[in-house]
Amino acid sequence: MQSFNENRVPAAWKFAYFSLKPLASWIGDLIERYAFFQQWVQMGFPFCYWISAFTYPTGFTTSLLQRFSRRSTTGNASIDRLEFDFQPDRRVREEIMTEVKEGAYIYGFFLEGAKWNNDKMHLQEPEVMELQVGMPVIWFKPIIKRAKAQTNIYECPAYYYPKRQGDVTKASYMMKIDLKLGPEQTSEHWIKRGTALLMSLDH
């Protein structure tokens, strides 16, 4: 009852998944997560996957690589030889009506410390007081690892929740996602800015 009065998630409920949301927002988030998986079970594979709904997002992304590695066209390449090509999509999620054959369309990311230019498809400075900005749907496309590192990209770290350092029970860092740089800023600029992707917010 004390947790309810203080709008905090009761300690006995925190086993479900780690979150920094207050109780009211946490309840709404839990309902949305349940609805996402319920629709998946009843309607079949979705066209886009909500990354924030997974308790272990890297388990899902690893399964995408595993499925790709078993395809005959890859010659059963091991996961160690695979990586993702990250392709943001200009369409909003509701406009995507087909499932990709390789990888998956994934949504639910928020950019912190930057903004995505959806017309020119690159990072840009956020507006004043824009702390976290929604990221468009991203196609996680499995490919054989490139022989040379990409240029003109920012290896953006992605975190499960806003507490980036995590804690002893739950790591926050999940993966890095390559985002295209704009003509005005370098990768070092966004590193100093602390630009990152978040899979959930604290409100």
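Quick notes
- The listed residues are ALA104, ALA77, and the only one of them that is of a type in the set (A, V, I, L, M, F, W, C) and touching a Leu at 6+ places or on another chain (Cβ under 7 Å) turns out to be ALA104.
- Among the residues of segment 118-139, those identified as farther than 18 Å from TYR173 by Cα and surrounded by 14 or more Cβ atoms within 10 Å (Cβ to Cβ) are ASN118, MET121, HIS122, LEU123, GLN124, GLU125, PRO126, VAL133, PRO136, VAL137, ILE138, TRP139.
- Scanning segment 159-203 for residues that are touching a residue at least 60 places away in the same chain (Cβ under 8 Å), assigned to a loop (DSSP other than H, G, I, E, B) and crowded, with 17+ Cβ neighbours inside 10 Å yields a count of 9.
- Given (1) of a type in the set (Ser, Thr, Tyr); (2) within 30 Å of PHE86 (Cα to Cα); (3) surrounded by 12 or more Cβ atoms within 10 Å (Cβ to Cβ), index of the condition SER3 fails: (2)
- Residues (surrounded by 14 or more Cβ atoms within 10 Å (Cβ to Cβ), part of a helix (DSSP H, G or I) and not basic (Lys, Arg)) located in segment 14-36: LEU23, SER25, TRP26, ASP29, LEU30, PHE36
- Filtering segment 59-112 to residues that are of a type in the set (Lys, Arg) and out of contact with any Lys or Arg (no Cβ under 8 Å at 6 or more places or on another chain) leaves ARG67, ARG70, ARG71, ARG90, ARG91, ARG93, LYS101.
- Any hit, segment 146-154, residues being over 30 Å from LEU23 (Cα atoms) and under 18 Å from the mean Cα position of the chain (by Cα): yes
Just so you know, all these numbers are worked out from the coordinates, no wet-lab data involved. Note that the structure is a prediction, hence the values are computed from the model and not measured. Because the Cβ atoms are built from the backbone with ideal geometry, glycine has one as well, and the counts that use them run over all protein chains shown.
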